[in-house]
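Read through the structure below, which is laid out as structure tokens, and then see the notes.
No lab work stands behind these numbers, since they all come straight from the coordinates. Since this is a predicted model, take the numbers as computed values, not measurements. Every residue, glycine among them, receives a Cβ derived from its backbone with ideal geometry; neighbour counts consider all protein chains shown.
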Amino acid sequence: MPHREGLSWRFTHAITRVPADSVADGLRAVDTGNPSGEAFRAEHAAYVNALKAAGLTVDVLPQLEGFPDSCFVEDPAFCLPEGAILLRPGTASREGEAAEIRAALEARFDTVVEIPGDGHVDGGDVLTLDDEILIGLSARTDRRGADAFAALLAEWGYNARVAETPEGVLHFKTACSTLGEGVILATNVMIDSGFFGDRKTVQVPEDEEYAANVIRVNDVVLVPEGYPKTRDVVEAAGFKTVVLPTHEARKVDGGLSCLSLRFSLD
Ligand code: CIR
């Protein structure tokens, strides 16, 4: 029974990786100053604690100086209850992160497979809903990768659909998130795109677009600090929020979802 109520937001486990000092060399679209490894690790510790408080067992992998963006573990892999899929990140400096996370996935899953072919997919482009998995084409996720990934998900019994990430948006999930219980938080551009059909959506208030990337984890929605209007609309939609600092992650285009792989092993 691959699709099920809560697939996209009920979790038992997470994998994270401590930010390296080399995160100062991390990729970014616009330079707003380098993140500090030390300050990022403090924010990361709060993030791990919030996942634990939400009921998860969290594996915290050691920092990897050779890969500046390696704390963004969501991008090199994708996890489902049946197993983990090693992806092929779509930028050269990050491709090796899939091999680096393999052992941690093998420690939790009996089944760990690689995405077939030679196309590229970043996990940040994959939005899991309870009844469908959306894969956004982006500067990181190409058609070959998305089609191969969708075919693999279909073999595993999941409905997968390929969509377009709006121009200028790094990852599909930079602009939308599952809030659970059939509701999606998204920017107005994403809502207008029609990707979500007649699903219920909550619109991110204008000038708070960064806060479109939140994560629902069991009973709470983790939201970034500094976006009070978004927190208000999420709460008004009936969800309980926990606010977390992401100031260092943001300097290298990172948000809350990218900092963990979340899955359920029940
Ligand atoms: C990158 O450009 O790959 C990193 N600096 C940020 C990755 C953020 N990941 C995500 O949104 N899934």
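Per-structure values
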| read-out | value |
| --- | --- |
| Aspartates and glutamates with Cα under 17 Å of Lys52, excluding same-chain neighbours fewer than 8 positions away | Glu43, Asp219, Asp266 |
| Measure of compaction for region 1-139 (Cα Rg per 2.2 N^0.38 Å) | 1.07 |
| Cα centre as origin, Lys/Arg/Asp/Glu Cβ charges: the chain dipole, Debye | 400 |
| Translational diffusion of region 73-146, µm² s⁻¹ [Kirkwood Rh, Cα pairs; Stokes-Einstein; 4 °C; 1.567 mPa s] | 105 |
| Beta bridges by DSSP in region 13-263, antiparallel share as percent, to the nearest 5 | 45 |
| Residue among Gly26, Gly90, Ala53 farthest towards the positive dipole end of the chain, charges placed on Cβ | Ala53 |
| Proximal lysines relative to Lys200, as straight alpha-carbon distance under 23 Å, when same-chain residues fewer than 8 apart are discounted | Lys173, Lys229, Lys240 |
| Global form of the chain, assessed from the alpha-carbon gyration tensor, a/c cut-off 1.5 | rounded |
